[in-house]
């Protein structure tokens, strides 16, 4: 009898449903002999079903603690952790073990395969523990998963007979044994050569295409950039992803500083955000919706010169060139808009710490200034 690898994708479009992973105001405080240590500070993080998300940060930034919150290995001091509709923070130990076995697949950096049993038996272990499939189906499913990771010929070998890359693929197959909706991998390519690491990454991409939600912790910034989005954690706090996208050359600490200083502002569809000729006092980052840059032209109708989506910025031209806005900025008629505003004083302080970021924004300002003059029909 054929066994289906994975359950069909679930429609998560309803506004009534939580995100696949939803952390709300999560704090984690450890009491030590030398005093209290706060590993996580007011962490808010949402990951939707079918997303491929990387978590990056320096050693000691809180990455492992964040993973432990999601997996239920540790519990928040306060705040809530929801995964696949379950409040993980409220489960007791027995409930947690059963829930984890059915809802999470975990891939470890050092594989964590049992060396005294065969590869196929390693993959069957989660099914045996959770009793998720009839006995006669478990071996067949394990073989099917080995075929998925191109290791069916190695089913009856001991893990120690395999290369590091092969052992990691077995670990991924084991993580999929109970068909969990979420797979979490801690530095899954950290001990692999570049060619093997690429094959593992492509396997994760294939799983996302099949509807899995994948979270990887990695130090590899190049790898992180290839996921759907990146969550950067610094000093136990999540850096706003749009701040990181807008000013990628800032250090992690500077990005956290920028995230804290940014003020969230919301506008209805079609609303005016900034009028031409008004005083400029902030640098803006679009986080939701589409912003339109509207330029007046002598003896002609106004023109929409640019449309800016999430991660795009405005206000840098006025920071470097003048104090008044030379264009009107409004929310698109099609959707509401959310922006982050960083005051020029705070922006100046950040740029004083990063010559590279200053130069990048200055070049952007010069480019936009030239485009502005061109649209107006004014010679520069």
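If you wrap a convex hull around the alpha carbons of the range 12-151, what volume per residue comes out, as a whole number of Å³?
On the way: hull volume 24.2 nm³, N = 140.
Taking the convex hull of the Cα positions in the range 12-151, it is 173 Å³ per residue.
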Just 116, 143, 364 to compare: in a GNM of the chain, with alpha carbon springs under 10 Å, which one fluctuates most? 116
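If eta is 0.692 mPa s and T is 37 °C, what Stokes-Einstein diffusion coefficient results for the range 134-234, Kirkwood Rh from Cα pairs, in µm²/s? The partial results should precede the final answer.
Working: Rh = 14.5 Å.
After rounding, the answer is 226 µm²/s.
How do 59-68, 194-203 rank on mean C-beta neighbours within 10 Å, highest first? Display every interim value, and only then the final one.
On the way: 59-68: 18.7, 194-203: 15.0.
For the peptides 59-68, 194-203, the packing ranking is 59-68, 194-203.
For a test of the definition: using alpha carbon positions, the gyration tensor, and the 1.5 limit on a/c, classify the range 262-376 as rounded, prolate or oblate. Write out the running numbers ahead of the final one.
Numbers: a/c = 1.89, a/b = 1.22, b/c = 1.55.
Oblate shape, in that a/c is at least 1.5 and b/c is the bigger or equal ratio.
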Along principal axes, Cα extents of the chain, largest first, whole Å: 80, 53, 42
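What is the Cα convex hull volume of the range 133-193 when expressed per residue in Å³? Present the calculation step by step, with values, prior to reporting the outcome.
Working: hull volume 5.5 nm³, N = 61.
Enclosed volume per residue, from the Cα hull, is 91 Å³.
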So what's the back-of-envelope 222 nm ellipticity for the chain, counting only DSSP H runs of four-plus at -39500 (n - 2.57) apiece and dividing by all residues, rounded to 500? -10500 deg cm²/dmol
For Cα pairs less than 8 Å apart in space and 6+ apart in sequence, what is the mean separation divided by the residue count of the chain, i.e. the relative contact order in percent? 16
Please work out whether the range 327-370 counts as rounded, prolate or oblate from its C-alpha gyration tensor, where a ≥ b ≥ c are the square roots of the eigenvalues and a/c under 1.5 means rounded, while otherwise a/b larger than b/c means prolate and anything else oblate? oblate
Can you work out the base-10 log of I(q)/I(0) for the range 62-134 at q = 0.16 1/Å, using the Debye formula on its C-alpha atoms alone? -0.67
If you average the alpha carbon positions of the range 275-333 and of the range 93-165, how far apart do those two centres end up, in angstrom? 55
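Using the Kirkwood radius built from alpha carbon pairs, what does the Stokes-Einstein equation give as D for the range 296-364 at 4 °C and 1.567 mPa s, in µm² per second?
On the way: Rh = 14.2 Å.
Answer from the Stokes-Einstein relation: 91 µm²/s.
To two decimal places, what compactness ratio does the range 21-239 give when its Cα radius of gyration is scaled by 2.2 N^0.38 Å? Please list the in-between numbers first.
On the way: Rg = 17.5 Å, N = 219, 2.2 N^0.38 = 17.1 Å.
Taking N as the residue count of the range 21-239, the ratio is 1.02.
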What shape does the range 243-303 take by its C-alpha gyration tensor, where a ≥ b ≥ c are the square roots of the eigenvalues and a/c under 1.5 counts as rounded, a/b above b/c as prolate, and the rest as oblate? prolate
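Only the coordinates and a few stated rules stand behind these numbers; no lab work does. Here the structure is a predicted model, which means the values were calculated and not measured. So basically every Cβ, Gly included, is an ideal-geometry build from the backbone, and we count neighbours across all protein chains shown.
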